[in-house]
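J.: The structure that follows is given in the form of structure tokens.
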Amino acid sequence: MARPTRQKNVVRKRSYPAARLARQQPTVPEPNRLLKVWRRVLERRLRTRLRAKVAVEIHDNTHTMLTFQRQRAMFRLRLHHMFLAAPDEVIQALADFVRMGDGEASTRLDRFIERNKAYIRRVSPEQMRKRIRLEPVGRHHDLGRIFDRLNERYFQSRISAAITYGPAPRVKGPRKSIKMGSYAADSKVIRIHPALDQPVVPRYFVEWIVFHEMLHHVYRARKGEDGRRCVHPPEFMEHERRFHDFKRAQAWEDENLDLLLRSRVEG
Ligand SMILES: [Zn+2]
């Protein structure tokens, strides 16, 4: 009698765990709870090294892997989830970087991010662009036309970037500096400061700024010999000098920067 019973038990036992898992889902930690636990562990690891309060927020961003700010005695860090399971030397580098902006620590962090880039979600430039409203047509300068002409003249129309006026940044009082253009490599979008869309700003000046940003599409930023990020490598500078009105545009900037700094842009 004993034998068949045991066999029956064995059979039942085999099918048991799967059935139980299906029925008792709450015993499996939810991803959010797991994340909370891991985040707390990371906060503790940082806290012991920084000897200060630490608040960590975990994200899944595609571009900026870490940012931080100091609020009195507290450090706030926003980190990509790859840092959750980072080894001790990386946590130490993170602490050194946050505390003293340590250049060597920054290099170690770069290396860690490079090794773990497989964890960075891939979003195509097209997907990223869908979230951006492109407004290339200004009141005075049509960026789309400027871009197309430059693309034809200098790049055999091979540059597949989008262009738009950037949103007017809210600045109180006179500006101290102005970022006239930018290029976002992830979305392949060139943004031009709306202050350039004025009749007093000559066409060749806007063209030069657009040309400069197109070169950012051609020459990616890379690490220079000193380990720093080099956004304008020598070949970039060399290429930029081929712009037809390079000297004239530079001269105009020297003389009129004040005008651009003072200009008010109606959003
Ligand atoms: Zn630049």
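The values are calculated or read from the model by the stated rules, or taken from the named source; none is laboratory data. Given the structure is predicted, the values throughout are model-derived calculations rather than measurements. Don't worry about glycine lacking a Cβ; one is built from the backbone with ideal geometry, like all the others, and counts go over all protein chains shown.
J.: Could you check Lys179 against (1) away from the ligand (no atom under 13 Å from the Cβ); (2) at pLDDT below 95 and say which number it fails?
T.: Every listed condition holds for Lys179 apart from (1).
J.: Does Glu235 count as modelled with pLDDT under 95 and more than 12 Å from the ligand (Cβ to nearest atom)?
T.: When the stated conditions are applied, Glu235 passes them.
J.: Kindly indicate whether any position in region 201-213 is in a loop (DSSP other than H, G, I, E, B) and either within 12 Å of the ligand (Cβ to nearest atom) or not hydroxyl-bearing (Ser, Thr, Tyr) (or both).
T.: Within region 201-213, one or more residues are in a loop (DSSP other than H, G, I, E, B) and either within 12 Å of the ligand (Cβ to nearest atom) or not hydroxyl-bearing (Ser, Thr, Tyr) (or both).
J.: Identify all residues within region 182-192 that are within 13 Å of the ligand (Cβ to nearest atom) and not charged (D, E, K, R); write none if there are none.
T.: Matches in region 182-192: Ser182, Tyr183, Ala184, Ala185, Ile190, Ile192.
Matching residues to (1) within 16 Å of the ligand (Cβ to nearest atom); (2) of a type in the set (Ser, Thr, Tyr); (3) at pLDDT 90 or above:
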position	(1), (2), (3)
Tyr219	yes, yes, yes
Arg228	yes, no, no
His239	yes, no, yes
Phe243	yes, no, yes
Glu253	yes, no, yes
Arg264	no, no, no
